[in-house]
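S.K.: Dumping the structure here so I can ask a few things about it.
Derivation of every value follows stated rules applied to the coordinates shown; laboratory data play no part. Model, not experiment: these values are computed from the prediction. Positions of Cβ are backbone-derived with ideal geometry, glycine not excepted, and every protein chain shown enters the neighbour counts.
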């Protein structure tokens, strides 16, 4: 009851701020930014997402008016929800933005682990990049493709073991969805990280594992690991010939990482930020730096970003409902 | 307070901690929906650990209550205990001020100055305050240079 | 031979050497500051490497990593506060030696054995990295579980006089290690609705609270305007040949154990120093001296720390699997330069890989030389009165905790842990076993449950490989030996 009340209160407050914000939005953008903008990173210093934001931010600064500067703040933990909550609690004045993947916005809220209700509680500024995760087999696997793997699993329920890097996350949910739609029972084995999954596949502990595309390029070229299907929608060019779940008649998931802001951030400030990110992601220098790191740049404006988020949220909510997690 | 009572209090705290841990654990574990084929759930080991902690702490408690040796019923003496308490209080004040008001470097400066002045009060207020101020200015400046400027960390 | 020559000319450039020097100094200083430690030092230097050529940048980070492993023991020896978790075992003998005998000597033992361990790790890396990395793949979840159990038994060997209190300390560590989201079911375990606890108790906050904050209270108690060292002659560093010979055996054992556990991703330096300490203390001719300032008790964990640093690079370079938090960040530097560690890196980036191999040896040499220069300065810390030391170390600890995750929750947690552990220490609970139990808890529990998930609940999985059987036999043998020793002791001293 209490949570319901606080949530209602929060929504009312949010609505009130929107009304107020739209009223004052014309004046807000003038001279923006007047002080450094805090960019909250949901990753520890030196982590994968941290280094990506640190590569990008100078180019965004360059494309913002009034000699804008960013202050980067690392708030890792709890599947990014600590950082996203910090954005949620910040003033919607355009001086706090955050980086966020899809898990804290479309999965964690449904598990009841967040102070915010979902992606609707934020302004989605722009998507920055996408990632692809593959189901990967070892070189000596008896299976050549997904169909063979699923056929074997159908005959031997619970015997085919697939490694994922956590439960109810961007790897686990698509796998569960695949099991539901193909009507097979796989034995999902949880590891601490994709690196551990990789070790287990190479060591023959499990029959297959899900791993991010950029971590297996070397093994793919050396022939020690064979990616068979992309569980995400978008494919990187170096694995262009490998099918995605959509190609094979199943439902692909999506993994995209963008910039969000507190609900009620003035529209014109959002537009300024979104425009600067767009321009930055077209800077040849930044494009080269990100391509070297195998990052799939995928700028989406606010509207497309929101549409993708809505679509994914419905899918994830559906999977969690089917599993009985969500009632 | 005697060693015996301190020991007993600590055992009771540990017992309460063990119970609190187990209660909180089983509350959230009861909401588990995903069951792996291992047959061993998320609360299995933690419950064993909590049980062991309680049993062992009770054993320590009993053993300690029966120990009436002169050493055990001696009073606990802590040299400079006042300073320890003041340090804890200052840390609480520092953390609260930093968390709720910000101004990290100002807080560091004040904390260092107050701590060093207090710690060296036996040399006289004027002497200790001056030395503390000088050291704090230098240290805070160094920290600002290293963390704030070179490493660009925000506090 | 020609390739070797080529590699070496690539290696000895001014940029590379300067980078190694800078990395070494930063690593040593950050390692020595309680709460900051190796991981933070490497993370903070990472952005600097983006602007450097790949080899120079990577060598800088490796030098930081290597020197940080040694730096952590400086504060462990001088203040009884381990700068890194890997230095926690060094406190047991390093601190008493510095207090009772000579801080300079204790630091010298640490530096020499660290350097030897580092060189050993480097040689392992150069000569056997590919076969070793393949070998490490044989160690799956059941084997990791068994290794964790052996680690816990090593803690048992270190236990203090009061068996019940020692057991409580171990259980407290294990309990702390279970807090957070259960990685196998996603259930929150004892997080008390704190998002900051979902990923577990922050290691830095735990370590700093337990060792540093409680130790600062102890220092206040000892006298605020005392100095640790009155006699400056004890600050002198350097060892005689005879002293060196005394630690040859323990350094060898430490290096072997360090390199061996280092190649297993996830076990790493934090556990290897305890393995080494336990083995050396049980096989020493003078077991009574352990815990009171035994040189062997410093040499064993110190050599194993640095050997495990070289060992950890083996699975990283050969398989692209980072074995520790610091290596995971160093991986960032590789990826930034578009280099993917893994099977191809040895052919695709041949010059770079060999540059790293020989450069790694160079970082060890740099560590030794800079250590020789800086160690006397570090030991001079003990001439500073406690009033300054306590205040400044306190602030550094708080900065370190905040820098690790940016969460105020962790600061409050560390303060609470500091107060509780101060009391536990005064009541003779052996707190050093808490940290190793905390490190081992997830290794033991997760791998146990994962093994059973892999086998669909069948316990045969723990006997399914030669390595697993060998580990089981080791556990049985160690248990039998301790039961026998206990039995013999009771017969000789009827009480």
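S.K.: Which whole number of Å³ per residue matches the convex hull of the alpha-carbon atoms in the range C:96-170?
M.R.: For the range C:96-170, the hull spanned by Cα atoms encloses 114 Å³ per residue.
S.K.: Assuming R0 = 25 Å, can you tell me the calculated FRET efficiency for the pair residue A:307 and residue A:287, based on Cβ-Cβ distance, to the nearest 0.05?
M.R.: 0.55
S.K.: Continuing with this model, one more query. Suppose a student asked you for the relative contact order of the range A:133-239, using Cα pairs under 8 Å spaced at least 6 residues apart; what percent would you report?
M.R.: Values: 170 pairs, mean separation 46.5, N = 107.
Once normalised by length, the contact order is 43 percent.
S.K.: Provide the three semi-axes, in whole Å and in decreasing order, of the ellipsoid equivalent to the protein assembly as shown as defined by the square roots of 5 times the Cα gyration tensor eigenvalues.
M.R.: 42, 34, 31
S.K.: Another question about this same structure. Which one of A:159, A:171, A:75 has the biggest mean-square fluctuation once chain A is modelled by GNM with Cα springs under 10 Å?
M.R.: Most flexible of the set in this elastic network: A:159.
S.K.: What's the average, rounded to a whole number, of partner chain beta-carbon atoms within 10 Å of each residue's beta-carbon in C:165-176? Each step should come with its number before you reach the end.
M.R.: On the way: counts 6, 1, 6, 11, 1, 3, 12, 5, 1, 6, 11, 1.
Mean shielding count: 5.
S.K.: Here is a follow-up. What distance in nm separates the simple spin-label points at residue C:236 and residue A:117, each placed 7 Å from Cα in the Cβ direction?
M.R.: In this crude spin-label approximation the distance works out to 7.6 nm.
S.K.: Can you report the principal axis dimensions of the range C:163-297 using only the alpha carbons, biggest first, rounded to whole angstrom?
M.R.: 56, 44, 29
S.K.: Could you give log10 I(q)/I(0) at q = 0.05, 0.08, 0.11, 0.12 Å⁻¹ for chain C, computed by the Debye formula over C-alpha point scatterers of equal weight, without solvent?
M.R.: -0.18, -0.46, -0.90, -1.09
S.K.: How high is the relative contact order of chain A, in percent, with contacts defined as C-alpha pairs under 8 Å that are six or more residues apart?
M.R.: 26 percent
S.K.: Let me ask another. Two-decimal Rg/Rh of the range B:81-150 from alpha-carbon positions, Kirkwood Rh?
M.R.: A ratio of 1.01.
S.K.: For the ranges C:340-353, C:318-331, A:252-265, what's the packing order if you count other beta-carbon atoms within 10 Å of each residue, average per peptide, and put the highest first?
M.R.: Result, highest mean first: C:318-331, A:252-265, C:340-353.
S.K.: Pick from A:76, A:92, A:142 the residue whose mean-square fluctuation is largest in a GNM of chain A, springs joining Cα atoms under 10 Å.
M.R.: Of the options given, A:142 has the highest mean-square fluctuation.
S.K.: What is the list of residues in the range A:175-210 whose amide nitrogen lies under 13 Å from a point 7 angstrom out from the Cα of residue A:222, following Cα to Cβ?
M.R.: A:199, A:202-203
S.K.: At q = 0.12, 0.15 Å⁻¹, what base-10 log of I(q)/I(0) does the Debye formula yield for the range A:101-228 when every alpha carbon is treated as an equal point scatterer in vacuo?
M.R.: Values, matching the q order: -0.51, -0.75.
S.K.: Over the Cα atoms, compute the radius of gyration (one decimal) and Dmax (the largest Cα-Cα distance, rounded to a whole number) for chain B, in Å.
M.R.: That works out to 24.0, 71 Å for Rg and Dmax.
S.K.: In addition: What is the average number of partner chain Cβ atoms found within 10 Å of a Cβ in C:331-339?
M.R.: The per-residue average across the peptide is 5.
S.K.: Output the peptides C:188-194, C:484-490 sorted from most to least packed, where packing is the average of other Cβ atoms within 10 Å over each peptide's residues.
M.R.: For the peptides C:188-194, C:484-490, the packing ranking is C:188-194, C:484-490.
S.K.: Right, here's the next one. Under a crude label model (7 Å from the Cα following the beta-carbon direction), how far is residue B:88 from residue C:50 in nanometres?
M.R.: It is 4.4 nm.
S.K.: Next up: Taking chain A as a Gaussian network, where each spring joins two C-alpha atoms under 10 Å apart, which residue of A:303, A:233, A:155 fluctuates the most?
M.R.: Ranking A:303, A:233, A:155 by mean-square fluctuation puts A:155 first.
S.K.: Can you order the peptides C:467-479, C:89-101 by their average number of other Cβ atoms within 10 Å per residue, highest first?
M.R.: Packing proxy ranking, top to bottom: C:89-101, C:467-479.
S.K.: On a C-alpha basis, how far is the centre of the range B:105-141 from the centre of the range A:290-327 in Å? Whole number, if you could?
M.R.: Rounded to whole Å, the Cα centres lie 54 Å apart.
S.K.: Taking Cα centroids, how far is the range C:404-444 from the range C:67-116 in Å?
M.R.: Between the Cα centres of the range C:404-444 and the range C:67-116 lies a distance of 20 Å.
S.K.: Quote the FRET efficiency, to the nearest 0.05, computed for residue C:372 versus residue C:491 with a Förster distance R0 of 56 Å and r equal to the Cβ-Cβ distance.
M.R.: Computed FRET efficiency for residue C:372 and residue C:491 comes out at 0.65.
S.K.: Continuing with this model, one more query. Taking a point 7 angstrom from the Cα of residue C:13 along the C-beta vector, which residues in the range C:46-65 have backbone N less than 18 Å away?
M.R.: C:48-63
S.K.: R0 = 56 Å: FRET efficiency of residue B:78 with residue A:181, Cβ-based, nearest 0.05?
M.R.: For R0 = 56 Å, the calculated efficiency reads 0.25.
S.K.: Within 10 Å of each Cβ of B:86-92, how many other protein chain Cβ atoms are there on average?
M.R.: 4
S.K.: What whole-number distance in Å separates the alpha-carbon centres of the range A:131-166 and the range A:33-99?
M.R.: Centre-to-centre (Cα) distance: 38 Å.
S.K.: Starting at 0 and stepping by 10 Å, how many percent of the alpha carbon pairs of chain A end up in each bin?
M.R.: Reading the bins upward from 0: 6, 25, 32, 22, 11, 3, 0.
S.K.: Percent relative contact order of chain C, based on C-alpha pairs within less than 8 angstrom and at least six residues apart?
M.R.: 27 percent
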